[in-house]
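Read-outs: derived from the displayed coordinates by stated rules, not from any lab. A quick note: this is a predicted structure, and the numbers were derived from the prediction, not measured. Cβ atoms come from the backbone with ideal geometry, glycine included; neighbour counts cover every protein chain shown.
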């Protein structure tokens, strides 16, 4: 991470800071995220969302982190849809506060998530971006991801099904352990 930034595991104690961050970044994030009901932008909504995510973390289906600059939450990074077995894969999701763009925060967060994925024995991390999200595509390419396809009508964002560019990063070619 760039100097002055820190990545921490998601905690229910983050609900207030998460509420502030989502309120500050509502207009910045709306074009790229699914519809959010008004309760999402409240402390109660964030507590509920964090509790759901932590249940998925406990089940081994997700790893979730927050990005901090001093005492201010300025982003999120997640490994979602973790699959073990012969696939050993996860999907990457992240966002950075509009006031902290262009400082290497997204790239640092992506590298952090990939290092954590490898440490957990994962082989591959994938990510999808809407076609117009060129900034996120640049972050992924710079972090060693390669584009491998197009997913038509992939996610429902902004009131319509959006096409997405698909990226992946192979973390290693180590064989699976024989048990």
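Which translational diffusion coefficient, to the nearest whole µm²/s, is obtained for the range 64-128 from the Stokes-Einstein equation, given a Kirkwood hydrodynamic radius over C-alpha pairs, 4 °C and 1.567 mPa s?
105
From the square roots a ≥ b ≥ c of the eigenvalues of the alpha-carbon gyration tensor of the range 1-40, which class results: rounded (a/c under 1.5), prolate (a/b over b/c), or oblate?
oblate
Measure off 7 Å from each Cα along the Cα-to-Cβ vector at residue 132 and residue 11, then give the distance between these two points in nanometres to one decimal.
It is 3.8 nm.
In µm²/s, what is D for the range 5-170 at 20 °C and 1.002 mPa s, where D = kT/(6 pi eta Rh) by Stokes-Einstein and Rh is the Kirkwood radius from Cα pairs?
Answer, rounded: 131 µm²/s.
Which peptide among 8-18, 102-112 comes first, and what is the full order, when sorted by highest mean count of other Cβ atoms within 10 Å?
Final packing ranking: 102-112, 8-18.
Any chance you could check the Cα centroid distance between the range 109-179 and the range 23-67 for me, in angstrom?
Here the two parts' Cα centres lie 20 Å apart.
I want the antiparallel fraction of DSSP beta bridges within the range 68-137, as a percent rounded to 5.
In the range 68-137, DSSP labels about 75 percent of beta bridges as antiparallel.
Quick check on the chain: helices-only [θ] at 222 nm, where DSSP H runs of length 4 and up contribute -39,500 (n - 2.57) each and the sum goes over total residues. Nearest 500, please.
Value at 222 nm, helices only, nearest 500: -9000 deg cm²/dmol.
Treating the angle as unsigned and between 0 and 90°, give the value, to the nearest 10°, between the Cα long axis of helix 43-58 and the longest Cα principal axis of the chain.
Compared with the principal axis, the helix lies near 10 degrees.
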